[in-house]
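Every number here is computed from the coordinates shown, using simple stated rules; none is lab data. This structure is a prediction, so every number in the text was calculated from the model and none was measured. Using ideal geometry, Cβ is built from the backbone for each residue, glycine included, and neighbour counts are taken over all protein chains shown.
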Amino acid sequence: MKTLTVSVVTPDGPVLEEKYDMVSCKAEDGELGILPGHIPLVAPLDISAVRLKRGNETDLLAVNGGFLEVRPDKVTILAQSAENPSEIDLERAERARERAESRLQSAQDDVDFKRAELSLKRAMNRITIAR
């Protein structure tokens, strides 16, 4: 069976470089499933989980935006940050979620709602993947 080489890179350096049967992720335009031989594609990624399938196993990564580049035999994810479930500090993510929720609930003029919404989305993504 053919495989895809999946490479995940952040500004801090490489996070992953392995072979998988399939990659599923959420682009800004919707969910993508990529198999070996996929047509070339570049898409902006949403804050979401990247599911990497190999046989009956699925690995997850928490990705905070970035870009996906697809070639027939390789998928490259250039992300602002990417974490394996084992690297996620669940308590820290819960605190970040609580802070973002309280900012969104406050009716103060100095609250940057877009930033708070993104913060909440990142925290929820990390919590979901860590669990």
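Amide H contacts of Ser81: Asn64, each under 5 Å away and 5 or more positions distant or on a separate chain (H built 1.01 Å from N in the peptide plane; Pro and chain starts excluded). Start at zero, step by 10 Å, and the Cα-Cα distances of segment 88-130 spread as 34, 49, 16, 2 percent across the bins. Karplus-derived 3J(HN,Hα) values for segment 84-94, using 6.51 cos²θ - 1.76 cosθ + 1.60 with θ = phi - 60°, are 6, x, 5, 8, 7, 7, 4, 4, 5, 5, 5 Hz; glycine and proline are entered as x. In terms of packing, defined here as the mean over residues of other Cβ atoms within 10 angstrom, the peptides 63-75, 6-18, 28-40 line up highest first as 63-75, 6-18, 28-40. Taking amide H as placed 1.01 Å from N in the peptide plane, Asp46 has its amide H under 5 Å from the amide H of Lys26, Ala27, Glu28, each at least 5 places away in sequence or on another chain. Shape class of segment 59-123 from the alpha-carbon gyration tensor: oblate, with a/c at 1.5 or above and b/c at least as large as a/b. The 3J(HN,Hα) values that the Karplus relation (6.51, -1.76, 1.60; θ = phi - 60°) gives for segment 28-40 are, in residue order, 4, 8, x, 6, 10, x, 10, 10, x, x, 4, 5, x Hz. Gly and Pro appear as x.
By the Cα gyration tensor, the chain has an equivalent ellipsoid whose semi-axes, rounded to whole angstrom, run 30, 16, 11 from largest to smallest.
Which pairs in the list Lys53/Lys121; Lys26/Lys53; Lys74/Lys121 are over 20 Å apart, alpha-carbon to alpha-carbon?
Flagged as over cut-off: Lys53/Lys121; Lys74/Lys121.
Lys74's amide H: which non-local residues (gap 5+, or another chain) put their own amide H closer than 5 Å, with H modeled 1.01 Å from N in plane and none for Pro or chain starts? So Lys74 has HN proximity to Thr5. What shape does segment 12-52 take by its C-alpha gyration tensor, where a ≥ b ≥ c are the square roots of the eigenvalues and a/c under 1.5 counts as rounded, a/b above b/c as prolate, and the rest as oblate? Oblate shape, in that a/c is at least 1.5 and b/c is the bigger or equal ratio. The angle between the Cα long axis of helix 113-130 and the longest principal axis of the Cα atoms of the chain comes to about 50 degrees, rounded to the nearest 10.
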